[in-house]
Amino acid sequence: MDYVSALLPPVVMAVFFIGVIRVIVKTQGGANKAKEDAAVDAALAHTDTKADA
């Protein structure tokens, strides 16, 4: 039974990591992409105007 307790943490972490990667990949693009791009562009424009002043 020692091998089960030795393998359980890496397996749990691997499953969690795969889940995080899947969420990241799924949220790229889609309906919110335009809003996210617009928010980034606005933030960049805001920092550019502050730098010019």
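Among the protein heavy atoms of the chain, carbon and sulfur supply 71% of the accessible surface, probe 1.4 Å, non-protein parts ignored.
In the context of the full set of protein chains, the chain has a per residue accessible area of 92 Å² (1.4 Å probe). Between 0 and 90 degrees, the angle of helix 33-52 with respect to the longest Cα principal axis of the chain falls at about 50 degrees.
Its Kirkwood hydrodynamic radius, worked out from the mean inverse distance over all distinct Cα pairs, puts the chain at 14.7 Å. Distance from the Cα centroid of the stretch 32-51 to that of the stretch 1-28 is 34 Å (rounded to whole angstrom).
The values are calculated or read from the model by the stated rules, or taken from the named source; none is laboratory data. Computed from a predicted structure; not experimentally measured. Accessible surface is based on the protein model in full, side chains and every heavy atom, while ligands, DNA and RNA are left aside. Shrake-Rupley method; radii C 1.70, N 1.55, O 1.52, S 1.80 Å.
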